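Taking it in order: structure first as structure tokens, then the write-up.
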Amino acid sequence: MALSFTRIDLHTHSRVSDGTQSPTELIDEAVAAGLDCLGLTDHDNTDGWDEAACAAEQAGIGLVRGIELSTITRSGSMHMLAYLFDPTNRALTELTAEIRDSREHRAERIVARLAKDFPVTWADVLAQSGEAKAIGRPHIADALVERGIVTDRTQAFDRMLHPRAGYYEPYFAPDPVEAITLIREAGGVPVVAHPATVGRGAGPDDDLMHRMADAGLGGLEVWHRLNPPEFRAHLMQVARTYDLIVTGSSDYHGAGKPNRLGENLTPPDQLERIVEQATGVPVLQPQRRATQPSKSS
Ligand code: AMP
Ligand code: FE
Ligand code: FE
Ligand code: ZN
């Protein structure tokens, strides 16, 4: 299928997980940022898909429906983007439900630990997480900000929420090979998110890369602010070795992070490859293209 998108950002979050904008606000901001195709990839749930689809059609922008699935390796957590899979696939919906349930209990345990040192409660966190379906540390950070204990999410992560700060608790997540298998069975295309966060900056080791490629890994997110320039060159080499798709994206979280929409983009031919491999749901192409908003409108 020939797509005509040129400015494609394939990794963003809404309030349905730990972004600060609704799916509709996210779509409108994407148009204002000059994007013509957006990927919505909330953590461990697809509840934002329908609203985003309506908003994208209205706004005249393409939409790639996706998710950022939590996985865990021997050397720590690894995020797996998945695009255009069937959102009703039983194995995948059961898996994400289990992850979300574990996320919630784990967040309660983190708050119980924090509450020994700071005036923060579980009710504070629930007030912040609102409509979010996947609760995470960013919502705890927001509660700490609301209480005036820290100034922003970044300070909360630096002081209290990073794994070595003394309050951390893990949550259940599948092995990446299992996640890749399930994503492919659901017709989706799995792409390792910000690989620099794996293996303390070294990325997936050779053995894991090999096993992931065998299981059907589709691609690597190369252009992401967390991947240093020299590491991107290494990732391009790995992608050539395994014939993987290479993507770029902002990982926008609204006001929750400094990342700006469109700060990294995915080359159009790489999106074509994702679309060719996917059999779950189609990429949404608007009937009518957005015209760039003028400042006065
Ligand atoms: P969790 O999902 O609970 O493990 O929390 C990880 C999430 O926190 C990631 O998806 C990021 O969006 C967010 N995050 C990580 N570090 C920071 C930071 N320094 N500032 C703001 N958000 C962060
Ligand atoms: Fe996040
Ligand atoms: Fe991530
Ligand atoms: Zn993300």
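Here are a few things to note about the model shown:
- Electrostatic tally near Trp49: other residues with Cβ closer than 10 Å to its Cβ, Lys and Arg +1, Asp and Glu -1, net -3.
- Vicinal HN-Hα couplings computed from phi for the range 212-219 (Karplus, 6.51 cos²θ - 1.76 cosθ + 1.60; Hz; Gly/Pro x): 5, 4, 4, 6, x, 3, x, x
- Note that the range 100-106 has calculated 3J(HN,Hα) couplings of 5, 4, 5, 4, 5, 5, 5 Hz, one per residue in order, obtained from phi through the Karplus relation 6.51 cos²θ - 1.76 cosθ + 1.60 (θ = phi - 60°); glycine and proline are x.
- Averaging the sequence gap over all C-alpha pairs within less than 8 Å and six or more residues apart, then dividing by the number of residues, gives the range 1-89 a relative contact order of 25 percent.
- GluC sites (Glu not before Pro) within the range 114-218: DSSP coil, no more than 10 neighbouring Cβ in 10 Å: Glu131
- In loop segments of the range 150-243 as defined by DSSP, the trypsin sites (Lys or Arg not before Pro) with at most 13 further C-beta atoms inside 10 Å of their C-beta are Arg164.
- Dimensions (Å) - the range 1-130, Cα atoms, principal axes, largest first: 55, 31, 27
- Radius of gyration and Dmax over the Cα atoms of the range 188-227, both given in Å: 10.1, 28
- Percent RCO, i.e. relative contact order, over the range 170-216, from Cα pairs under 8 Å lying at least 6 residues apart: 42 percent
- Here's how it looks for Leu226: its modeled amide H is under 5 Å from none belonging to a residue 5 or more places away or on a different chain.
- Surrounding net charge for Arg288, when Lys and Arg each add one and Asp and Glu each subtract one, Cβ distance under 14 Å: -1
- Surrounding net charge for Ser249, when Lys and Arg each add one and Asp and Glu each subtract one, Cβ distance under 10 Å: -3
- From the C-alpha gyration tensor of the range 221-297, square roots of 5λ in Å: 26, 21, 11
- Debye log10 I(q)/I(0) at q = 0.15 Å⁻¹ for the chain, Cα point scatterers: -1.18
- Phi-derived couplings, Karplus 6.51 cos²θ - 1.76 cosθ + 1.60 at θ = phi - 60°, listed residue by residue for the range 170-177: x, 9, 5, 8, x, 5, x, 5 Hz, with x used for Gly and Pro.
- Ellipticity estimate at 222 nm from DSSP helix runs (n ≥ 4, -39,500 (n - 2.57)) divided over the chain, nearest 500: -11500 deg cm²/dmol
- Sparsely packed loop sites in the range 53-109 (the trypsin sites (Lys or Arg not before Pro) outside DSSP H, G, I, E and B with at most 11 other Cβ atoms within 10 Å) comprise Arg74.
- Hull volume in cubic angstrom per residue (convex hull over the Cα atoms of the range 54-153): 155 Å³
FYI, it's all coordinate maths here, none of it is from the lab. Note that the structure is a prediction, hence the values are computed from the model and not measured. Glycine gets a Cβ as well: all are built from the backbone with ideal geometry, and neighbour counts include every protein chain shown.
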